[in-house]
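One structure below.
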Amino acid sequence: MDNLMLPIQGASKAKRIKWGPAQNAISWSYMKLLRENNKTLKVYPENPYIEVYQFRENVYGLFNQNCDGMGDVWMYVVVGPEKALVVDTAFGIGDTRALVNKLAGGKPLVVVNTHSGPDHCLGNVHFDTVYCLDIEYELIKAKCKPGAWDYMFDKDGKNIWLQFDKKDLPVYKDYKLVPVKNGHIFNLGGDHDVEIVWTGGHAPGHAMFLDKKTRAMFCGDVVCSDVISVGPGPSPGKPNGQYSNLTTYRDNLAKVVTRFAEFDYLFPGHFMVNLENNVFSAILDGLNVIIENPEHFNYADPATGPAGPRMHKYVKGFSTIAYVKDGVYPPKS
Ligand SMILES: [Fe+2]
């Protein structure tokens with residue numbers, strides 16, 4: 001390993017070659033404890049690349065190692081009375097569908113994406129139909145396409161970041177991506193409803209999924225114990241990029257924190273899970289402080305990206321919010 005994160009003895013068949021940026025100490029330590037000691041951990045023969053953790057009687061976290069050097073990623077399966085919800089599809093290494101079908105006991109699947117990050121949507125090709133927020137539709141279409149996995153390999157075809165069998169890469173196939181509006185309800189049978197909740201911020205049409213029955217919010221990348229990364233606002237060629245900013249996320253989160261009577265726990269797309277809902281209040285406080293004065297950041301990344309320096313503001317007791325100057329406010333029209 002060429003940075004300070006020592007190996008975790010995970011149960012997945014894949015092995016880490018190297019990482020991109022080092023993750024923070026609390027996330028690393030949490031994942032080490034979870035992956036090396038959690039009693040619910042199972043790896044099924046249907047997909048030896050995915051570590052399955054049971055967080056509730058009917059809620060499973062599917063831990064997928066990241067294939068491009070960034071953070072490992074969680075998918076979730078919630079088994080309802082008639083259907084099972086699948087939140088995100090990761091990179092799609094191995095037979096994800098067979099594993100999900102096993103956990104769902106063969107029930108019909110409702111597959112959804114939080115956003116267009118490749119670590120969240122490339123596995124869509126395993127399924128027939130996937131739902132997303134209408135604002136993110138074009139971006140997911142553009143991301144999950146033939147050749148989408150090529151960047152994980154060097155010019156000689158060798159894995160760069162994660163060692164897995166190339167034969168276990170998914171083969172691209174067309175699937176039906178269905179856009180839905182903010183507030184759309186997915187019914188899993190009986191009174192088991194799940195609502196799509198728009199956040200924006202990390203990605204223009206980033207969405208969370210509020211499971212009203214298990215009282216859990218599946219958060220994607222807008223809650224993260226390492227870095228909560230918010231986008232740069234409008235970018236050339238990026239549909240709806242104007243929603244990828246701090247203020248849009250703040251305004252949407254301000255509505256979410258008025259709904260704590262509806263859910264208790266947060267299940268993000270990376271690192272720490274099973275967080276209490278008051279983490280949202282801490283993130284909202286951090287967003288408000290930045291918007292009030294974007295220059296009062298705690299530290300900046302040493303490297304400057306195409307959108308300028310990336311600044312970090314601490315989220316009390318949890319993480320940091322990372323942003324660039326143009327990503328603070330929505331564009332003035
Ligand atoms: Fe992600």
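Nothing in this text is a laboratory measurement; each read-out follows from the coordinates by a stated rule. From a predicted model like this one, the values you see are computed outputs, not experimental measurements. Here the Cβ positions follow ideal geometry from the backbone for every residue, glycine too, while neighbour counts run over all protein chains shown.
Tabulated data for the structure shown
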read-out: Extension reserve of the LYS15-ASN288 stretch, reckoned as 0.36 nm per residue once the Cα distance is removed; value: 94.3 nm
read-out: Choice from VAL279, VAL289, VAL111 with maximal GNM fluctuation in the chain (Cα, 10 Å cutoff); value: VAL289
read-out: Burial ordering of TYR131, TYR172, TYR243, TYR323, fewest other beta-carbon atoms within 10 Å first; value: TYR172, TYR131, TYR243, TYR323
read-out: Cα-projected label distance for ASN37 with ILE160, points at 7 Å along beta-carbon direction, nm; value: 3.5
read-out: Counting DSSP beta bridges with both ends in the stretch 77-199, the antiparallel % (nearest 5); value: 40
read-out: Charge sum, other residues only, whose C-beta stays under 14 Å from VAL178's C-beta, Lys/Arg counted +1 and Asp/Glu -1; value: -2
read-out: Using θ = phi - 60° and Karplus 6.51 cos²θ - 1.76 cosθ + 1.60, couplings along the stretch 88-103 (whole Hz; Gly, Pro as x); value: 6, 10, 6, 8, x, 6, x, 8, 4, 5, 4, 5, 4, 4, 4, 5
read-out: Positive minus negative residues near ASP251 (Lys, Arg vs Asp, Glu; Cβ under 15 Å); value: +1
read-out: Antiparallel bridge percentage (DSSP; both residues within the chain; nearest 5); value: 70
read-out: The stretch 236-333: GluC sites (Glu not before Pro) falling in loop per DSSP and having at most 12 other Cβ within 10 Å; value: GLU295
read-out: Magnitude of the charge dipole, the stretch 100-248, Cβ model with Lys/Arg +1 and Asp/Glu -1, debye to 20; value: 220
read-out: Residues with amide H under 5 Å from that of VAL180, placed H, sequence gap 5 or more; value: CYS132, LEU133, ASP134
read-out: Members of LYS143/LYS313; LYS158/LYS238; LYS13/LYS42; LYS143/LYS325 lying beyond 21 Å, as alpha-carbon distances in this model show; value: LYS143/LYS313; LYS158/LYS238; LYS143/LYS325
read-out: Point-charge dipole on Cβ atoms (K/R +1, D/E -1) for the stretch 212-333, about Cα centre, debye to 20; value: 300
read-out: Under 5 Å, built H, 5+ apart or other chain: amide partners of GLY220; value: GLY269
read-out: Gain upon complete extension [ASP168, TYR329; 0.36 nm per residue less C-alpha separation]; value: 53.7 nm
read-out: In the stretch 19-89, trypsin sites (Lys or Arg not before Pro) in a DSSP loop with at most 16 other beta-carbon atoms within 10 Å; value: LYS39
read-out: Charged-residue dipole, Cβ positions (Lys, Arg, Asp, Glu), the chain about Cα centre, Debye nearest 20; value: 320
read-out: Residue-wise HN-Hα coupling along the stretch 123-130, computed from phi with Karplus coefficients 6.51, -1.76, 1.60 (Hz; x: Gly, Pro); value: x, 4, 5, 6, 10, 7, 9, 9
read-out: For the stretch 223-230, 3J(HN,Hα) per residue [Karplus equation, 6.51 cos²θ - 1.76 cosθ + 1.60, θ = phi - 60°, Hz, x = Gly/Pro]; value: 10, 7, 6, 8, 9, 9, 8, 10
